[in-house]
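Written below as structure tokens is the structure these notes are about.
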Amino acid sequence: MYTASAGSALPTTIIGSLPRPGWYTENLGRRDFREAMVERSYREQYLDAVSTFLRDQEVAGLDIVTDGDCRFDADVAGHNWFSYAPLRMAGFSGARAYSAQGGKAGIPHKPGHILHDVLETRIMPDLVGPVGRGNLQYSAIWKAAQRLTTRPVKFGTITPELIAMAVRDFHYRDLRKAIMAISDALNEELNELADAGCKVIQMEEPQIHLLAAKGLVDEVLNPGFMVEVFNNTVRGLRGKTEIWCHTCWGNPAAQRLFAAQPSYEPALEALDRVDADVITFETCSSGGMDLEAIGKRIRDKKICIGVVDHHTLQVETPEQVAGLIRKALQFIAPERLILGSDCGMGREGMSRRHAFYKMVAIVQGTNLVRRELKLPEARCLAADERFSMV
Ligand SMILES: [Zn+2]
């Protein structure tokens, strides 16, 4: 149900992560969140960092905000986005380097390439017993942010298949069973999060479009099974909260994984079947290539398009953003359209200032179109000329 996006016309947001402030030097490591929050220095830095992330989004004028993925550590290439969950869920133990199985992630292995660092630093625990929620503590993390703002805080989580595909399975010894066990555990965690009052939950990177684009079809790694996994992970949630399905074409170390941007077309039929209220698409980096197909084939859901690119430091102009929105409006009705970034801004690759002005561009560009459509505009304090110092 539309608990977060219903309140504004052409609502704006970002996908999730923001660059960490230089002074945010504390890390969770292997601790759980509430244990770390007992420690004075961690608590102070964490809450200051979340406040900064929220404040930047409010000053830009975004309608739906995130906690910037503040729980993730200062590691190489956003590794913690993969490892946070298995390091805290029941059933996982130990740690090993990512290796031969890594081909499934589609990352080149060769030394001398920046993505080789991504593989070298992807140290994941093994799956050694029955999976459970363990100490994910998503509700506590969401509450820590939501009590600092009146705007809805979108909470994002990794999807089960990505966890299962990145670990050695010594327990189920069956990828399908491992994925479903992780899916059940995440479902329990997310129901608690929705019951706590979280108004919007985002599932990050179901492997539907990537498998459809690569044609990697076997009995487990295929778009149909990935839809089944998605719908199992979110079961019971849409009656309580707004569910988003995030898709993009990868973002390790702020690198593109494809020489040419793949098309979403082969995946749209499957994506239309996910049990979600909103689907996000990476459309800025492709110049809006798939907008017509997306508008036609995704029928009953809202569509969040990326209007700024997380791979580049060039800040999009409001006119560029507005141009892409106008193109989308040819195929998607305004009441179905949400504006965001292609993916997270990352914690490592971009400066805070670049990320901030990209968020400002999202709002300024959207305001240009809102004005044309006679819709209420968002307040963008960052662009208020009365407060210019020059
Ligand atoms: Zn993404």
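The values are calculated or read from the model by the stated rules, or taken from the named source; none is laboratory data. Since we're looking at a predicted model, the values are computed, not measured. Reconstructed Cβ throughout: ideal geometry from the backbone, glycine too, with neighbour counts over all protein chains shown. When the accessible area is computed, the model is the full protein with side chains, heavy atoms only, and any ligands, DNA or RNA have been set aside. Shrake-Rupley method; radii C 1.70, N 1.55, O 1.52, S 1.80 Å.
Worth a mention:
- Between HIS116 and SER388, full extension at 0.36 nm per residue minus the direct alpha carbon distance yields a gain of 93.5 nm.
- The length gained on full extension between LEU257 and THR312, counted as 0.36 nm times the residue separation minus their Cα-Cα distance, comes to 18.4 nm.
- In percent, rounded to a whole number, the relative contact order of the chain is 21, using alpha-carbon pairs under 8 Å and six or more apart.
- For region 184-195, putting each phi into the Karplus relation 6.51 cos²θ - 1.76 cosθ + 1.60 with θ = phi - 60° gives couplings of 4, 5, 5, 4, 4, 4, 6, 5, 5, 4, 5, 5 Hz, in residue order, rounded to whole numbers and with x for Gly and Pro.
- Two-site FRET efficiency, LYS374 against ARG353, from Cβ-Cβ distance with R₀ of 45 Å, rounded to 0.05: 0.85
- Each residue of region 209-217 was assigned a 3J(HN,Hα) from its phi angle through the Karplus expression (A = 6.51, B = -1.76, C = 1.60, θ = phi - 60°), giving 6, 5, 5, 5, 6, 7, x, 7, 10 Hz with x at Gly and Pro.
- With Cα atoms defining each centre, region 1-32 and region 344-363 are spaced 12 Å apart in the structure.
- Judged by a Cβ-Cβ distance under 4.7 Å, the unpaired cysteines of the chain are CYS70, CYS198, CYS245, CYS284, CYS304, CYS380.
- Solvent-accessible area per residue, Å², over region 148-214 with all protein chains present [probe radius 1.4 Å]: 32 Å²
- Amide H contacts of ALA90 (H built 1.01 Å from N, under 5 Å, at least 5 apart or other chain): GLY132, ARG133, GLY134, ASN135
- With each label modelled as a point 7 angstrom along the Cα→C-beta vector, the LYS143-ASP218 pair spans 4.3 nm.
- Annotation: amide H-H contacts under 5 Å for MET124 (H modelled 1.01 Å from N, sequence separation of 5 or more, or interchain): ARG96, TYR98.
- Stretched out straight at 0.36 nm per residue, the stretch from ASN135 to VAL38 would grow longer than its current Cα-Cα span by 33.4 nm.
- Computed with a 1.4 Å probe on the full set of protein chains, the accessible area for SER93 sits at about 60 Å².
- Straight-line cross-link partners of LYS177 among the lysines, defined as a Cα under 16 Å from its Cα and at least 8 positions apart when in the same chain, are absent.
- Rounded to whole Hz, the Karplus (6.51, -1.76, 1.60) HN-Hα couplings of region 325-331, x for glycine and proline: 5, 4, 4, 5, 5, 5, 10
- Dipole magnitude for the chain: computed about the Cα centre from +1 point charges on Lys and Arg Cβ and -1 point charges on Asp and Glu Cβ, it is near 340 debye.
- Rolling a 1.4 angstrom probe over the protein heavy atoms with all chains in place gives region 33-91 an accessible area of 33 Å² per residue.
- Accessible surface of region 168-327, 1.4 Å probe, proportion on carbon and sulfur as whole %: 48 percent
- Amide H contacts under 5 Å for GLY156, placed H, 5+ residues apart: GLN202
- Violating pairs (Cα-Cα greater than 22 angstrom) within the set LYS240/LYS302; LYS143/LYS199; LYS154/LYS374; LYS296/LYS327: LYS154/LYS374
- Secondary structure note: in the chain, about 15% of the DSSP beta bridges are antiparallel.
- Part-to-part distance (alpha-carbon centres) for region 210-270 and region 301-316, which is given in Å: 18 Å
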